[in-house]
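The block underneath contains the structure these notes are about, expressed in structure tokens.
The values are calculated or read from the model by the stated rules, or taken from the named source; none is laboratory data. Treat the numbers as computed from the prediction; the structure is a model and nothing was measured. Note that each Cβ is placed from the backbone with ideal geometry, even for glycine, and that neighbours are counted across all protein chains shown. Each accessible area value is taken on the protein alone, full model and side chains, heavy atoms only, with ligands, DNA and RNA left out. Shrake-Rupley method; radii C 1.70, N 1.55, O 1.52, S 1.80 Å.
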Amino acid sequence: MIYKLVYGEPDIESSAVLSRFTNKIPLSKSDEFISLFRDFQAQTEEYNGQVFFVLKRQYDSDGYFFGFGDKVGPLDRNGRKYTFWNTDNFTHHPSADPLYKSFPFYIYVSKDLKTKYGCFTDFPGYLEIDVNSNNDNTLTFRSKGKGFVQYIIIENSVRKIVEQYLKLTGKNIAFPVWAFGYQQSRWSYFSEKEVLDIARKFRAKKIPCDVIYLDIDYMEKYKVFTWNKKNFPNYKKMLESLHKDGFKVVSILDPGVRVEEGYFVFEEGKNKYFLKDPSGKDFEGAVWPGRVRFPDFLNKNVRNWWAKNAKKYLDDGVDGFWNDMNEIAIFATEKDLQEAREKLKEAKLEDGINLAGLLGTIGEIGRRGHGDDIVHLDGTPHWKVKNVYGLNMVRATSEMLQKENKRPFLLTRSAYSGIQRFGGVWTGDNHSWWEHILQEIVRLNSLSLAGVFYSGCDVGGFGGDVNAQLLIRFMQFGLFTPMFRNHSAIGTRRQEPWEFGPETESILKEVINWRYRLVPYIYTQYMIGVLKDKPLMRPLFYDFEQPESFGIEDEYLFGDSILVAPVYRPNVQKRVVWLPKTSIGIFDNKVYKKGWNVVDTPIEYIPAFQIVNSAIPTIEPTQYVDLSKVDKIVWKVFRTSERAKVTGYLYEDDGSTFDYKKGVYNLKQVTVKEGYVEVKTLNSKYVTREREWKFEILDSKGQMKKLSVVVGSDGELKIPIQ
């Protein structure tokens, strides 16, 4: 059940909650939740001339706090204060906060596992949530302004809480099927020749790849909706060539519009579509292009204007966008520079350490959000809605594509609750640090709990120089994430799969091949999850609410049937893995018992396991995703014994439209019972080709049985196991 609490006098809506629920969930009072918590303070307070609303809440039972989406630190958020104020914070050390996104939603689970609830504090401006940092069982919510709305979700499982949260904030939009192939990126591939050379190398080496990215240098002087005509003189032919070879192209889009007379985007937007300063003039700051102005995506007309310009890229042949710098990241404003000049006037070397503090106060480097310096076209102060700026930027293009019945490929760095209705996210500027593999495990699983099912990180690390061993382990982790993208920064060591010699290339090629073997399983699990509000990547406790699972953050589930335990430290030869059921190693075919296991982890081995009594559909690796051309599917069945019942699924649709919402998809159910295999068609509105299905049925004693059958779009089959 979902309950609504109103504290103080809220005067802003985030659009995170679906409109049909905004006024239809009856209001509750906090004393109705006395079994969960007790509010003992709820009032406005003044700090430095600004009004804040403060809510303090006591709870009795010791417990876990999961969620908050893209935050660093442990999976259990207990014991720390978190700030929700979307910020370009590019060094993701363990205590970095705030970061790019705001998902003020957590799930509480008591240590005895008897009490569970979700709490969504819907406030898109400056917000702090202190989760028991004083170890006194107190939660403190502190927002700028006069109040906020909260939604309390009470269910008996984590899974049902997430389902109710998505009922409130909206279902995930489906990504195109090619989004589940391997993706290669770099800041930057500087010319069409370099882009085509990268593509040719993938195909020549027979390393599968679906997507190549264009970072900021494809534009002329970083001007949005332009092409660098010197380095990309024949960009349309480049895009055509890449498409013929099976590649998709995703280009970056930043919100900052260069101030330049004659530049069509600036001329169309000035004094009409851009954010304002308090005097009523277009607000200006500095980003990549230099002096820029920023569209007001809160305004529907501005979103429509932006979408029309984005469509020109799509008409050229670009297949998707990643929206960056949309926190909004602002390097500096005139006010910042003037302030710095004044401070530096009197600065001297004798100031010592104070100089460092002085120089680190400018613009985004100083973590300034410019919330008080910006006003929206409708008069709304930016500080009230800063956290939904990135969401509305993605919304602009997403709504346009949805009207055309085209699934968007839209990634965003900045986000707020509800972003899943419009696109997906990546975690921003991580580093080539061993610690960041574990950190990304936590972040991506936390994003899943916050309702975002298509997410990823910069595999290999964005900043810093990767080495061969770290790249291998990062790629092994990336294989089992929704978005599998390798991305690195300018000036760092290149990290394409062939950059560290033939031995490393061979290992990485096999990692990528495995991604393509598993595409039918991955896409099936993802799309069933979209339909049924179940994340593809999720913590163990999502499915297995056992005491052990709530304390594990370095393992996770990838769909219903695969458990992953990545290696995230150098030179690790063995690691401890907890298994909720008997499982088989996907890469060594060893059977492991339920409970704690010590697993060998040589560099070429990925600790990933198929859970018992499951069936996983696989194919031979292809150079890019095109399930319509697949003529053979091999089902990997692992069961406890011949008497065990095993169930698996295969989902297919056109992979590019929203027709799945109308039921236009094909869903097969495979059941392996004692003595036979049964294939049922649960839905057959999408016609598929006839294929050979092979079954490799293995039990926990190592006994293998094989059979094959031809399967078409419709009908039922029952095949005896010989």
Checklist outcome for this item: On the accessible surface of segment 603-722, probed at 1.4 Å with all protein chains in place, carbon and sulfur together account for a percent value of 45
Checklist outcome for this item: Expressed in nanometres to one decimal, the distance between label points 7 Å along Cα→Cβ at Ala644 and Glu350 is 7.8
Next on the checklist: Report the Cα centroid-to-centroid distance between segment 158-181 and segment 586-661 in angstrom, as an integer.
Outcome noted: 21
Checklist outcome for this item: Once Thr681 and Ser133 are pulled to full extension, the length gained, defined as 0.36 nm per residue separation minus their Cα-Cα distance, is 192.0 nm
Item to check | Carbon/sulfur fraction of accessible area - segment 18-162, other protein chains in place, 1.4 Å, % | outcome: 46
Checklist entry - Can you list residues whose amide H is under 5 Å from Asp458's amide H, if they're 5+ apart or on another chain and H is modeled 1.01 Å from N? => result Thr427, Gly428, Asn430
Checklist outcome for this item: Taking every DSSP bridge whose two residues both lie in the chain, the antiparallel percent to the nearest 5 is 75
Checklist entry - What percent antiparallel are the DSSP beta bridges of segment 571-666, to the nearest 5? => result 95
Item to check | aspartates and glutamates with Cα under 14 Å of Lys308, excluding same-chain neighbours fewer than 8 positions away | outcome: Glu268, Asp316, Glu399, Glu404
Next on the checklist: Modelling each spin label as a point 7 Å along the Cα-to-Cβ direction, I'd like the Lys403/Lys167 distance in nm, to one decimal.
Outcome noted: 3.2
Item to check | Nearest-0.05 FRET efficiency for Ser279 and Glu339, computed from C-beta distance (R0 25 Å) | outcome: 0.90
Checklist entry - By the gyration tensor of its Cα atoms, with a ≥ b ≥ c the square roots of the eigenvalues, what is the shape of segment 569-657: rounded for a/c under 1.5, prolate for a/b over b/c, or oblate? => result oblate
Checklist outcome for this item: Taking every other residue with Cβ under 12 Å from the Cβ of Asp282 and scoring Lys and Arg +1, Asp and Glu -1, one gets +3
Item to check | Crossing angle, helix 468-478 versus the chain [Cα axis fit, 0-90 degrees, rounded to tens] | outcome: 80
Next on the checklist: Can you give the local net charge around Arg159? Use residues other than it whose beta-carbon is closer than 11 angstrom to its beta-carbon, Lys and Arg +1, Asp and Glu -1.
Outcome noted: 0
Item to check | Principal-axis tilt of helix 435-449 within the chain, Cα atoms, nearest 10 degrees | outcome: 90
Checklist outcome for this item: In this structure, among Lys167/Lys403; Lys160/Lys701; Lys272/Lys345; Lys205/Lys406; Lys406/Lys532; Lys574/Lys645, pairs with alpha-carbon gaps over 27 Å are Lys160/Lys701; Lys272/Lys345; Lys205/Lys406; Lys574/Lys645
Checklist entry - Relative to the longest principal Cα axis of the chain, at what angle does helix 501-517 sit, 0 to 90 degrees, rounded to 10? => result 80
Checklist entry - Straight-line reach from Lys193: which lysines have Cα under 17 Å away, leaving out those fewer than 8 places along the same chain? => result Lys201, Lys229, Lys230, Lys236, Lys237, Lys244, Lys248
Checklist outcome for this item: Carbon/sulfur accessible area of segment 418-484, % of total, 1.4 Å probe, equals 53
Checklist entry - Where only protein heavy atoms count, and the probe is 1.4 Å, what is the accessible area per residue for the chain in Å²? => result 38
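Let a ≥ b ≥ c be the square roots of the eigenvalues of the Cα gyration tensor of segment 174-233; is it rounded (a/c under 1.5), or, if not, prolate (a/b larger than b/c) or oblate?
oblate
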Item to check | Charge dipole (the chain, unit charges on Cβ, about Cα centre) - positive-most of Leu253, Ile562, Phe550 | outcome: Ile562
Next on the checklist: Quick one: 3J(HN,Hα) in Hz for segment 709-714, Karplus 6.51/-1.76/1.60 with θ = phi - 60°, rounded, Gly and Pro as x.
Outcome noted: 7, 9, 10, x, 6, 10
Checklist entry - What net charge is computed for the residues neighbouring Glu404, neighbours being all others with C-beta under 12 Å from the C-beta of Glu404, Lys and Arg scored +1, Asp and Glu -1? => result +2
Next on the checklist: Shape verdict for segment 193-261, please, from the Cα gyration tensor: rounded (a/c under 1.5), prolate (a/b greater than b/c) or oblate.
Outcome noted: prolate
